[in-house]
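The values are calculated or read from the model by the stated rules, or taken from the named source; none is laboratory data. This structure is a prediction, so every number in the text was calculated from the model and none was measured. Heads up, the Cβs are rebuilt from the backbone with ideal geometry, glycines too, and the neighbour counts pull from every protein chain shown. To get the accessible areas, we keep the full protein, side chains included, count just its heavy atoms, and leave off ligands, DNA and RNA. Shrake-Rupley method; radii C 1.70, N 1.55, O 1.52, S 1.80 Å.
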Amino acid sequence: MNIHRETNAARDPLEQVQATFGAPGRVTFFRGNGGLEMALLQTVYGSCAEVCFFGAQVLSWQPAHASKPLLFVSREAILDRKRPIRGGVPVCWPQFSKYGPLSQQHGYARNVTWEVIYADGENDDGPLIVFRMPQLSVANWAALMATQTAPPPAPPPSMSSSPSTAVVSVSPSPPPASARDGDERYAERDGRRSPSTLHPPTTVHQLQNAEVQLLVQLGASTGDLMLRLQVVHTGAGGAEPLEFTAALHAYLAVADVDAVRVTGLSGCEYIDQADRGSCKTDAEPAVVFRDQVDRVYCRRLPSAGDTDGSRPQTEQTVTVECDDLVNSRIRVRTRHHEFPDVVVWNPGPQKAHEMIDLGDTEWRSMVCIEPAVIREPVRLHRGERWCGTAVWQYECDERRLLDADR
C-alpha cells in the first residue's frame, strides 16, 4: 500500500515523535492517507515496512529482493479511525473473532491509536519500533461493550516502562459506533454458540490489569518482518488472573489465489468455521483455495522421535507457496508454546461481495495466515508476562527473478 507523505503547516505532534525517536534513513514518522500517523522502517539494503499508529498495524512490507509489497491492503479499506483497516497485519486482542466478552469483533486493539514508547534505527539486527496500547478504565470498558462510543483516554505518564523511557502520545481515536462497521468476517455467526473447544478469554475487569506492547522489527540483511506481541499482568495483589486469546491477522498479497498452496499443516486438527464449526483433521498435503476457507488449526507439537534431535522441535513453520513468475514463498515462523494455533482464511467470492471494505474480486489477491493462540486461552497471574513472536520470511527463485527483470 502506498502511503504518501503529507505536509502540515500547523504544529504536528508527530514532529515531537520524530525528534524523540527518529533515525535518518532508518526510522521516519509521517502522516499518510486519511491523516493517519505512520512509521517507516528502512534498512541499508533497501527493505522497508510501514506501520500505522492506529492499531499498531503493519500496512506494508517489502524486502529488498521482492519486486512489490508482500502485504495485501484492500483498495476499499476505510481509513476513518473508526473501523479496522482491511489488510496488513491487524492485532486481534484480547479475543479472536466473537469468542470473548466484547461485542467488538476481534477485540479492540485494532480500533485504538497506540503510542510509540521506543525506537532504534541503529540496532544491529535491524530497525525496530515498540508501540503500547492505551489502557481503559472500567467505565470506558463498560461503554465500549454497551455502545462502542466512549473514547479511550490517553495513558497516564506513570505507565512508562522505566523512568528513563521517553513516551510520546498521539491522542487515541474513539472505537467504532457499531461492531458491524468493522471486520465482518464472522458477522454471520452472531448469536451462535461457539464450539466447545473455544473458551471466552476474559472479563472486562481483568483487562484493566493488562499492559500490551507490540514490537515491529525489519531484519537488517534479509528484510524479514518480525512482530512480537507482549502482555503483562500489572494488577495489584489479589487481582484475578488475566485470560485472553490473540492473533496476528496477516493478509499476504498473492497474484492469484488459485496458484497458492499452504504447506506445514498436513495431519493437524482444525475447526472448520466454513462448515458449522466442525472439527476435522487435514489429510491433504497442502491447503488450496477454491472457495471460502476459514480454519483454526491446532498444530501438533512434534515428539523427540519426530526430529533428528534429542528434544522436541518447538519452532514451527507454515509456508505459502506461489506458483508465480519467481516461484515465491513466504514462510511464517512461530514457536508452539507462544502461538500454538494458526488461522487460514480467505473469504471466497460470496463473503467478499458482502464486505463493505473489500472489493468483489479482491479475495483472489490475498491469503490470511494468522499465528494465534485461540483454543487454549493464555492465563496470566499478577506479575506474569506472555510474549508471542512471529517472523515472516520471503524467498524466491533468484534465477527466475533475474529473468523476470530482463
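Kindly sort E376, E115, E321 by accessible area of their heavy atoms, largest first, with the probe set to 1.4 Å.
Numbers: E376 130, E115 10, E321 60 Å².
Result of the area sort, largest leading: E376, E321, E115.
Does region 253-297 classify as rounded, prolate or oblate by the C-alpha gyration tensor (a ≥ b ≥ c root eigenvalues; a/c under 1.5 gives rounded; else a/b over b/c gives prolate, otherwise oblate)? Mind showing how you got there, number by number?
On the way: a/c = 2.60, a/b = 1.44, b/c = 1.80.
Cα axes put region 253-297 in the oblate bin.
Using packing as a proxy for protection, rank 209-217, 230-238 so that the peptide with the highest average count of other Cβ atoms within 10 Å comes first. Provide the component values of the computation, followed by the final result.
Details: 209-217: 20.4, 230-238: 14.7.
Ranked by mean Cβ neighbours within 10 Å, highest first: 209-217, 230-238.
Length gain on complete extension for the stretch K68 to R290, per 0.36 nm per residue less the alpha carbon to alpha carbon distance? Could the numbers behind the result be given before it?
Details: separation 222, 0.36 × 222 = 79.92 nm, distance 2.48 nm.
Taking 0.36 nm per residue and subtracting the Cα distance, the gain is 77.4 nm.
Need one number: nm distance between label points at A19 and R300, each 7 Å from Cα along Cα→Cβ, rounded to one decimal.
Distance between the two pseudo-spin positions: 5.9 nm.
Please work out the FRET efficiency for the pair S221 and H381, using the Cβ-Cβ distance as r and a Förster radius of 45 Å; give the result to the nearest 0.05.
Details: r = 39 Å, r/R0 = 0.87.
Here the calculated transfer efficiency is 0.70.
If you take the beta carbon distance between N327 and R11 as r and set R0 to 45 Å, what does 1/(1 + (r/R0)^6) give as a FRET efficiency, to the nearest 0.05?
Details: r = 50 Å, r/R0 = 1.11.
Taking R0 as 45 Å, the efficiency between N327 and R11 is 0.35.
For R335 and T281, what does the FRET efficiency come to when R0 = 30 Å and r is the distance between their Cβ atoms, rounded to the nearest 0.05? Write out the running numbers ahead of the final one.
On the way: r = 23 Å, r/R0 = 0.76.
After rounding to 0.05, the efficiency reads 0.85.
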